[in-house]
Amino acid sequence: MSDSDSVKTMLLTGASRGIGHATVKRFSAAGWRVLTCSRQAFDARCPWPGGEENHIQVDLADPNDTIKAIEVVKSKIDGRLDALVNNAGISPKDDEGGRLNTLETDLRTWGKVFHVNFFASVVLARGLKDELSAAKGSVVNVTSIAGARVHPFAGAAYSTSKAALAALTREMAHDFGPLGVRVNAIAPGEVETSILSPGTEKIVEGLPLRRLGQPSEVADVIYFLCSDQSSYVTGTEIEVNAGQHV
């Protein structure tokens with residue numbers, strides 16, 4: 001099926017800001033219907049059509065709420081889901097706004113971070129596997145450069161959850177492939193969003209491209225992985241980081 005044959009549908013978590021917000025705009029501009037998930041109710045200022053009726057308010061830190069959301073999603077789609085983008089992520093800080101390391105992060109915080117950043121991704125994909133398979137769809141997991149190396153601002157729970165999500169991407173690609181579903185990941189680096197930490201400019205000075213990324217540039221890569229242009233790409237993680245890994 002070509003992109004022009006019918007309206008395609010995507011489910012996106014973490015849609016309220018930054019990369020998620022840019023992703024909704026990118027797919028909407030291409031004619032997709034976008035179902036959004038976030039902890040917040042729909043914001044009427046969001047500039048895309050059908051936003052409120054296509055929004056699911058869900059707390060991905062709550063396993064029961066996540067499981068219930070699957071049935072809500074199913075009620076909004078006609079047995080087909082062309083793309084699932086697992087973008088939601090949290091990175092708690094200490095009382096002064098600093099990173100929480102392995103010595104300071106309590107067990108409840110570890111659990112909350114992993115529920116949002118890791119478990120929700122596989123729960124949603126597994127719960128919607130029939131709909132993804134019917135559309136020969138695509139899953140994109142948003143990981144992070146922090147999943148591959150210690151980051152000065154990202155906490156230990158966040159970093160390890162993103163590393164686990166990269167490994168999950170490979171496992172899911174193996175398991176979902178026979179269903180006709182591709183599963184990939186993108187690992188953004190320093191992207192200009194509202195959650196940038198002070199001191200990020202020092203990291204940017206050392207990047208080969210010498211600049212922050214824009215959310216729209218990340219959204220473009222997500223779109224590529226959900227389009228027919230990447231029809232033979234699965235089980236991979238694309239780094240979107242201005243060469244931060246070199």
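The values are calculated or read from the model by the stated rules, or taken from the named source; none is laboratory data. Small disclaimer: the values here were computed from a predicted structure and weren't measured. Here the Cβ is made from the backbone with ideal geometry for all residues, glycine too, and neighbour counts use every protein chain on show.
Observations on the model:
- Counting the residues of the range 85-132 that are of a type outside the set (D, E, K, R), in contact with a Gly (Cβ under 7 Å, 6 or more places away or on another chain) and within 21 Å of F27 (Cβ to Cβ) gives 3.
- Residue in the range 100-118 that is among the charged types (D, E, K, R), in contact with a helix residue (DSSP H, G or I) (Cβ under 8 Å, 6 or more places away or on another chain) and touching a residue at least 12 places away in the same chain (Cβ under 8 Å) present: no
- For the residues A83, A69, A120, the requirement of being crowded, with 16+ Cβ neighbours inside 10 Å and closer than 14 Å to F176 by Cα singles out A83.
- In summary, helices (runs of 4 or more DSSP H) completely within the range 154-246 and bearing 2 or more residues that are at pLDDT 95 or above occur at 156-176, 215-226.
- Criterion: in contact with a strand residue (DSSP E or B) (Cβ under 9 Å, 6 or more places away or on another chain), modelled with pLDDT of 95 or more and not charged (D, E, K, R) - qualifying residue of G147, G51, G137: G137
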